Amino acid sequence: MAQMILEVEDLTVSFDGFKAVDGVNFYVEQDELRCVIGPNGAGKTTLLDMICGKTKPTSGTIKFNRRELSEMLEYQITRAGVGRKFQNPSVYEDLTVLENLEISYPRKRNVLGSLFFRRSSEIQGKIESVAHQIYLGDSLGMKAGLLSHGQKQWLEIGMLLMQDPELLLLDEPVAGMSPREREQTAVLLNAISKGRSIVVIEHDMAFVRMIAHKVTVLHQGKLLAEGTMDQVQSDERVIEVYLGH
Amino acid sequence: MENVLPAAAAPAAKKSPLALMERWGWLILAVLLLVVLPLWLDVFRLTLAAKYLSLGFCAVGLVLIWGYGGILSLGQGVFFGLGSYMMAMFLKLEAASNPDSSSGTALSAFFGGEGMPDFMVWNSVEVLPWWWEPFHHVGFTIPAILLIPALSAFVFSYAVFRKRVGGVYFSIITLALSAILAIMIIGQQGYTGGVNGINDFRTFMGLDLNNDKAKHVMYFITVVTLLGVVGIGTFILRSRLGKILVAIRDREDRVRFSGYDPAMFKAFIYAVAALFSAIGGALFTIQVGLASPSLVGIVPSVEMVIYAAVGGRLSLIGAVYGSLIVGSAKTLFSENFVEYWMYFIGGLFVFVVMFLPEGLAGLLARLREGKNRRENV
Amino acid sequence: MQAFTGLSIFTILMLMALGLAIVFGLMGVINMAHGELMAMGAYTTFGVAQFFKAFLPGLMSIYVIVGIVLAFIVTSIFGFLLERGLIRFLYKRPLDTLLATWGISLILQQVYRQFIDSREVEVPTVSWLQGAWQMTEGVTLPLSRLFIVGLAIATAFLVYMLLFRTRWGLRIRAVTQNRAMAGAAGIDTRRVDSFTFALGCGLAGIAGSSFTMLASTGPTTGQQYIVDTFIVVVFGGVESLLGTILSAFIIGQMQSWFEYGMSGSMARASILALVILVLYFRPNGLFAAKVRR
């Protein structure tokens, strides 16, 4: 059995009695690209929120490389090697693409370090190559606020690449993208999944089919099914949830 | 650092109008403050200018925390006041130990309060409070001015920011802090001089502060220090830390997921602003000869914000211009038609917020941008 | 006796804070001129008193009531104009609202100073509010304070009824909770904003009017109370009217007990410091509703 990078066990969070995520067990292997699907309100985003520290779980454990994450603060989890992309592209709109990427470079993240930070040619090189990879090589000097919706999505993925996380959590990375941009993104995700694990939330089944190794289906906060795309698609319960009664 | 790779350097080389203006603004300001004003103004006016410039330290700090950090502190008067009062305590003790130095000291010595500040004698405080003692020494006073306000600002704000209190709540809490300090100073007359403040001192380490030469020297010290402070601010904003501040201002949540602790950065910049304010306060006291609760409370604390806002909340240099402009306007009004000052400053708050949200610097930048665009067509 | 003093301070704080709880708590507008609106209510009452003295001396005993009503009307009209002319452009910029309304407050202070009186003014006490009610031996309660207690309770009750028992109140709550949805449901959100703001300002007017029975009014009266008023609202938890009332109660009680042991100004400073300390442990206020974020 392959090495597990993420082990989520019996994870529950309740908001005033409403259980958004309810006793979920969720394991991700090293180098795996996992897709999480499910109808609205299934708890997909909340699950990612808890892994990255945005929401504190009510009970359960989240182990990342055997380290418990649920007691750590967001920035500590990020430093431990978890990167998160949000549903709405969230980039620093008042900074340039270059500065957005540079800020995400995972060194000198304390006050004094950042005060005396100098951009070395090594960092510059890394920025260049990431920018190229996310199709933004020609837009380094542009303010991020001026990018298109799809480009902002890419930039946010690029910022995560700068962080070089072992585990990437992507929430609807192709929302609002054209078919061509979707394909480019699929190529991008397949390329960057080498040497790291990725969890993707996505509604677009064609896109999921393009990238997923394994698919997890959530429904009403609970784990409904897990397996390859074909297994999941032929699962009775999944069909029922998606097609209704 | 711009010469590493041409692809990245090209867009950076075309300076934004704001950056270009900052460069010219620097030059003009330096000439204005170091040459024009000293030649043009008499000593009385020059001291007035020095007074506005002392308040300009607070405005520069506000550009850092408010313009770039997005934190509107209405408590900068607290740190200005701390610097001002610590300096005043030192000067007052020096005056008290030298009966020739002021009429108050001579009188209080006559009433048996030798070595005691005169206002303590009038308030029947017979023993110098322990926390006044260290201010006998300049070697304590100056480090204290530089460290105490900054450290307390850091500790206070880190605690608050860690709890993710921000926005208007932070403004209201800092407003309450300035109210608290002003109330305490006024209430503890025997130890603080109360509503009259601490005044009536003439020497600083034996040097007479009242002659013209000393005033000129102090003026230049103020200008150089202020320009130095603006330089430090510029260095901070250009560093990676400056970028992180902007990122925190616009998307604090995202910054956490880039692996930073925003509370630490905000507290740091808040402490820097407090340090600047305290330096301003100390220089103010030396030159104006006064530490007063009227410069601590909520009215001055909010007024400092307008200095920064008039110059442009995103421009460090603008904050200095803003302080000079608003300060001069205040003098102009108070000498000619004092009853209209409140209308002016009140209207200024409304006008700047509604029509000039980026202040004069923003206005000039926009004009320049317009001109460039026309030329390029 | 201590408890009654506390009760009396409580009702005053509550009157001051109710208006702000609506403007700041519900609408999220930082109105730094709220204190000056209280002063406006006080000056309106003063004007009414002068008018009655000159023209209707026989009806002097009811001027207080007229004063309160008129104070509400004048300040709410002013509030309405303020919202239309300034505040509504700044809804997305709370810190800028703070600065702009601070400017308004400075202008109003100077208007009071220049056109009314630079010194403090006082209103005559009406006969039926003079004297005190002897509850038991040694415990006498001044009638004017009792009147304010009654007024505050009545006002709080009316505000509660208005917000939670009328269609209009439903609209206000709908708009303040979800502007976009309320607009989609056919509510004229801009109108609701204006009227809600005017209501909050009118309440400040009532508070100011009732103040005249306790103290004189000067140009800077409003500024003296603004910090305390904000602190009451923040302490209670901004989104809860009931929280504001409870917080006014707690702070009122603290004030009366603290003043027993130290000077008034030190009591005020200590309370502000204490409240900040409490806010550190409960950043959303004492009685904040739990919201899923």
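Okay, residues lined up against (1) assigned to a helix (DSSP H, G or I); (2) of a type in the set (A, V, I, L, M); (3) more than 29 Å from A:Val130 (Cβ to Cβ):
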| site | (1), (2), (3) |
| --- | --- |
| A:Glu183 | yes, no, no |
| A:Ala191 | yes, yes, no |
| A:Val199 | no, yes, no |
| A:Leu223 | no, yes, yes |
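Given the condition in contact (Cβ under 8 Å) with a residue 24 or more places away in the chain, within 19 Å of the chain's Cα centre (by Cα) and part of a helix (DSSP H, G or I), answer yes or no: does some residue in segment C:124-145 qualify? So far as segment C:124-145 goes, yes, one or more of its residues are in contact (Cβ under 8 Å) with a residue 24 or more places away in the chain, within 19 Å of the chain's Cα centre (by Cα) and part of a helix (DSSP H, G or I). Taken across segment C:52-74, residues that are out of contact with any Gly (no Cβ under 7 Å at 6 or more places or on another chain), β-branched (Val, Ile, Thr) and within 14 Å of another protein chain (Cβ to nearest Cβ) do not occur at all. Residues that are over 25 Å from B:Arg23 (Cβ atoms) and out of contact with any Phe, Trp or Tyr (no Cβ under 7 Å at 6 or more places or on another chain) were ranked within segment B:234-253; the one that is farthest from the other protein chains (Cβ to nearest Cβ) is B:Glu252.
Is it the case that B:Phe201 is more than 30 Å from B:Phe349 (Cβ to Cβ) and either touching a helix residue (DSSP H, G or I) at 6+ places or on another chain (Cβ under 9 Å) or at pLDDT 90 or above (or both)? Spelling it out, B:Phe201 is indeed more than 30 Å from B:Phe349 (Cβ to Cβ) and either touching a helix residue (DSSP H, G or I) at 6+ places or on another chain (Cβ under 9 Å) or at pLDDT 90 or above (or both). For segment B:156-186, a residue qualifies if it is among the small types (Gly, Ala, Ser) and crowded, with 21+ Cβ neighbours inside 10 Å, and the qualifying residues are B:Ser157, B:Ser171, B:Ala176, B:Ser178, B:Ala179, B:Ala182.
Can you confirm whether segment C:272-285 contains a residue that is within 11 Å of another protein chain (Cβ to nearest Cβ), β-branched (Val, Ile, Thr) and assigned to a helix (DSSP H, G or I)? Yes - at least one qualifying residue is present in segment C:272-285. In segment C:224-240, the residue that is farthest from C:Ser265 (Cα to Cα) out of those that are more than 11 Å from the chain's Cα centre (by Cα) and within 8 Å of chain B (Cβ to nearest Cβ) is C:Val234.
With respect to B:Leu53, determine if the residue is part of a helix (DSSP H, G or I), closer than 27 Å to B:Arg366 by Cα, within 14 Å of another protein chain (Cβ to nearest Cβ) and at pLDDT 85 or above. Considered against the rule, which asks whether it is part of a helix (DSSP H, G or I), closer than 27 Å to B:Arg366 by Cα, within 14 Å of another protein chain (Cβ to nearest Cβ) and at pLDDT 85 or above, B:Leu53 comes out as no. Within segment C:189-214, being surrounded by fewer than 13 Cβ atoms within 10 Å (Cβ to Cβ) and without any contact (Cβ under 8 Å) to a residue 60 or more places away in the chain holds for one residue alone: C:Arg191. The set of residues in segment B:255-289 being facing chain A (nearest Cβ under 7 Å) and surrounded by fewer than 23 Cβ atoms within 10 Å (Cβ to Cβ) consists of B:Asp261, B:Met264. At least 2 residues being of a type in the set (A, V, I, L, M), in contact (Cβ under 8 Å) with a residue 60 or more places away in the chain and away from chain C (no Cβ under 14 Å) is the threshold, and among the helices (runs of 4 or more DSSP H) wholly inside segment B:121-233 those reaching it are B:138-162. From the list C:Gly103, C:Gly150, C:Gly138, the one residue that fits, being modelled with pLDDT of 90 or more and of a type in the set (Gly, Ala, Ser), is C:Gly103.
Selection of first residues in segment B:14-31 that are closer than 21 Å to A:Gly141 by Cα and of second residues that are of a type in the set (Val, Ile, Thr) and modelled with pLDDT of 80 or more, restricted to Cβ pairs under 8 Å at least 6 apart or on distinct chains, gives the following pairs, ordered by first then second residue: B:Glu22/B:Thr234; B:Glu22/B:Ile317. For the condition within 11 Å of chain C (Cβ to nearest Cβ), part of a helix (DSSP H, G or I), surrounded by 15 or more Cβ atoms within 10 Å (Cβ to Cβ) and at pLDDT 90 or above, B:Ile325 does not qualify.
For every residue, the table says whether it meets (1) assigned to a helix (DSSP H, G or I); (2) out of contact with any Asp or Glu (no Cβ under 8 Å at 6 or more places or on another chain); (3) among the acidic types (Asp, Glu); (4) within 28 Å of C:Gly150 (Cβ to Cβ).
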residue	(1), (2), (3), (4)
C:Ile65	yes, yes, no, yes
C:Ala71	yes, yes, no, yes
C:Val74	yes, yes, no, yes
C:Phe78	yes, yes, no, yes
C:Thr97	yes, yes, no, no
C:Arg113	yes, no, no, no
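The one condition from (1) within 16 Å of the chain's Cα centre (by Cα); (2) away from every other protein chain (no Cβ under 12 Å); (3) assigned to a helix (DSSP H, G or I) that A:Val174 does not meet is (3).
Criterion first (crowded, with 24+ Cβ neighbours inside 10 Å, under 27 Å from C:Thr101 (Cα atoms) and at pLDDT below 90) does B:Arg251 satisfy it? So B:Arg251 fails the test. The criterion of being assigned to a helix (DSSP H, G or I), without any contact (Cβ under 8 Å) to a residue 12 or more places away in the chain and in contact with a helix residue (DSSP H, G or I) (Cβ under 9 Å, 6 or more places away or on another chain) holds for C:Ala269. With respect to the conditions (1) out of contact with any Phe, Trp or Tyr (no Cβ under 9 Å at 6 or more places or on another chain); (2) farther than 22 Å from A:His219 by Cβ; (3) of a type in the set (D, E, K, R), A:Lys44 falls short on a single one, namely (2).
Listed by first and then second residue, the pairs linking a residue in segment B:356-370 that is on the phi > 0 side of the Ramachandran plot to a residue that is outside any helix (DSSP H, G or I) and of a type in the set (Ser, Thr, Tyr), with Cβ atoms under 8 Å apart and 6 or more places separating them unless they lie on different chains, are B:Gly359/B:Ser315. Scanning segment A:22-53 for residues that are assigned to a loop (DSSP other than H, G, I, E, B) and surrounded by fewer than 21 Cβ atoms within 10 Å (Cβ to Cβ) yields A:Gln30, A:Asp31, A:Glu32, A:Pro39, A:Asn40, A:Gly41.
The residues of segment A:3-21 that are out of contact with any Gly (no Cβ under 6 Å at 6 or more places or on another chain) and either farther than 15 Å from A:Arg66 by Cβ or surrounded by 15 or more Cβ atoms within 10 Å (Cβ to Cβ) (or both), listed by number, are A:Met4, A:Ile5, A:Leu6, A:Glu7, A:Val8, A:Val13, A:Ser14, A:Phe15, A:Asp16, A:Gly17, A:Phe18. Restricting attention to segment A:160-189, the residues that are among the polar types (S, T, N, Q) and touching a strand residue (DSSP E or B) at 6+ places or on another chain (Cβ under 6 Å) total 1. Residues that are modelled with pLDDT of 85 or more, surrounded by fewer than 20 Cβ atoms within 10 Å (Cβ to Cβ) and hydrophobic (A, V, I, L, M, F, W, C) occur in segment C:267-276; there is at least one.
For segment B:299-309, the criterion of being in contact with a Ser or Thr (Cβ under 7 Å, 6 or more places away or on another chain), touching a residue at least 12 places away in the same chain (Cβ under 8 Å), buried (at least 24 other Cβ atoms within 10 Å of the Cβ) and within 11 Å of chain C (Cβ to nearest Cβ) is met by at least one residue. Filter segment C:115-157 down to residues that are closer than 30 Å to C:Thr220 by Cβ and acidic (Asp, Glu) and give me whichever is surrounded by the most Cβ atoms within 10 Å (Cβ to Cβ). Restricting to residues being closer than 30 Å to C:Thr220 by Cβ and acidic (Asp, Glu), the top hit is C:Asp117.
The values are calculated or read from the model by the stated rules, or taken from the named source; none is laboratory data. Note that the structure is a prediction, hence the values are computed from the model and not measured. Note: ideal-geometry Cβ built from the backbone for every residue, glycine included; neighbour counts use all protein chains shown.
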